[in-house]
1. Hey, among the residues in the stretch 233-253 that are modelled with pLDDT of 95 or more and in a strand (DSSP E or B), which one's farthest from Asn338 (Cα to Cα)?
2. Here are Ala230, Ala283, Ala266: which of them is under 23 Å from Ala13 (Cα atoms), modelled with pLDDT of 95 or more, not β-branched (Val, Ile, Thr) and not in a loop (DSSP other than H, G, I, E, B)?
3. Out of all the residues in the stretch 456-472, which are surrounded by fewer than 18 Cβ atoms within 10 Å (Cβ to Cβ) and assigned to a loop (DSSP other than H, G, I, E, B)?
4. Given the condition within 19 Å of Leu97 (Cβ to Cβ) and either surrounded by fewer than 18 Cβ atoms within 10 Å (Cβ to Cβ) or over 18 Å from the mean Cα position of the chain (by Cα) (or both), answer yes or no: does some residue in the stretch 375-383 qualify?
5. Name the residues in the stretch 111-148 that are assigned to a loop (DSSP other than H, G, I, E, B), under 15 Å from Ala173 (Cα atoms) and in contact with a Pro (Cβ under 9 Å, 6 or more places away or on another chain), would you?
6. Quick test for you: out of Tyr440, Tyr420, pick the one residue that is buried (at least 22 other Cβ atoms within 10 Å of the Cβ), out of contact with any His (no Cβ under 9 Å at 6 or more places or on another chain) and within 21 Å of Pro354 (Cα to Cα).
7. Could you list, in sequence order, the residues of the stretch 5-24 that are in a loop (DSSP other than H, G, I, E, B) and either within 15 Å of Pro80 (Cβ to Cβ) or of a type in the set (Val, Ile, Thr) (or both)?
8. Which residue is farthest from Ile406 (Cα to Cα), if the candidates are limited to the stretch 436-477 and must be of a type in the set (Phe, Trp, Tyr) and within 23 Å of the chain's Cα centre (by Cα)?
Amino acid sequence: MTTFPKAFLFGGATADFQCEGGFDEGGRGLLTHDFVTAGAYGQPRQITLTLPDGTRGSAGVRDALPADSVPTLFADTYYPSHQATDFYHHWREDIDLLAELGSTTYRFSICWSRIFSTGMEKEANPAGLAFYDQVIDYLSAKHIQPIITICHDELPNALALKYGGWADRRTIAAYEHYALTLIRHFHDRVKYWLTFNEINILGGYAALGTHAQDPQTRYECVHHMFVASAAVIRQARLIDRELQFGTMYMMSEMYPADSDPKNVWAAYTTRREACYFFADVMARGQYPHYARDLFKRLGVTLDVTPADLATLRAGTIDFLAFSYYRSGTVTADEGLVNENPHLQTTPWHWPIDPLGLRYCLNELYDRYQKPLIVIENGLGMIDQRVDGQIHDQYRIDYLADHLRAIRDAITVDGVPCFGYTMWAPIDLVSLSTGEMKKRYGVVYVDMDDTGRGSLQRIKKDSFAWLAATYRSRGANL
């Protein structure tokens, strides 16, 4: 019977603003995500604003904000990040559940504004470090290895207001100070670090801290993040040579819609520019040859200094982490679409494609020859409680199919994938819609789309199945 390697890491993944809560406790400052409302499928999440004339307004979470508008919290509006699912007060209970699952790793993000409330302080917030100290120490006591995301789609709001977020080079220095503070404090207990989350799809004020969202602004931000990541990795290696650094990419597979050569070429170039470009820079330490054409087509001109190029070469990542939920198809006329007649979809119209995950693992290793970890994978569904129980065979089927694909990539194809952290072991707020009803966990959290509920944790049917899978290293697959 084929099982996963003994050293393979099994666990779960979360993001602070989707589960942590405690937004006004322990010295935490405001995050850019704290202004994001809830939404629904077909109803984009909003950022609430005070407009230049003093009136109230809003903008789509990935849209440009009106010039001189100021993100503002309003008392009559629900902001999911403020409470989220309250890991801040339930962390011990949640880690106990991870341990019961047989998890050997837990990937989570540290809230930047809990460590530096404005992002500009010289000294870290002791209460913020103390909170994560107790989380990491408790994980260690349960034999669960942390994987820390340093920056997960957010930054202190004060950095966005003062500098314009990642569009300004001064944010590089703020990030370096923050990241190296974490690394110096936790390096003896944390081996694996992710400098950024899904850097290839970041957009909007909440993720970048910029009012403008045009290609010039976006790629300026991305370049500054490339440099910040490499600078931190280069310096961190002087602190502890045993540390391993990666960055997380959204790597949903992209196929040509058919065998028409125009669609095949469109799929290749779309994937190269949407996914490979970012890993090419961070894994290889230089901009790829096709960047010049990409920037020319988009009208982008970057200020890339010789010092930047030297930093990129010196601070390449050790491994690639990626999310995989679905695949898409590409046509020359329509671009990337979800429709694929060969695949079933979720209620949110995401195609379910486990073979695409095996394809993706092979594709990435062929291109980069670096170790890989599947850092997010899961199924968002509307779970029904029946007599206090949640019967989610559909989630078991999804996870089993995708874990089999990873196992085959390792044992048949020889791909060095060293871990799997499902998204998300305990229900949390959906990033895309801000809903609770789009649930991913094997543990149900009693909370509705407006934040009401007891926050009780309830094991779903999938919990026992995943525990058996993790503990047997996939022997039940």
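1. The residue in question is Gln244.
2. Residue meeting the stated conditions: Ala283.
3. Gln456, Ser472
4. Within the stretch 375-383 (the criterion being within 19 Å of Leu97 (Cβ to Cβ) and either surrounded by fewer than 18 Cβ atoms within 10 Å (Cβ to Cβ) or over 18 Å from the mean Cα position of the chain (by Cα) (or both)), the answer is yes, since at least one residue qualifies.
5. Phe116, Thr118, Gly119, Met120
6. None of the others qualify; the one that does is Tyr440.
7. Within the stretch 5-24, Thr14, Ala15, Glu20, Gly21, Gly22, Phe23, Asp24 qualify.
8. Once the filter is applied, the top-ranked residue is Tyr444.
The values are calculated or read from the model by the stated rules, or taken from the named source; none is laboratory data. The model shown is predicted, which means the values in this text are computed figures rather than measured ones. Ideal geometry is used to build each Cβ from the backbone, glycine not excepted, and the neighbour counts take in all protein chains shown.
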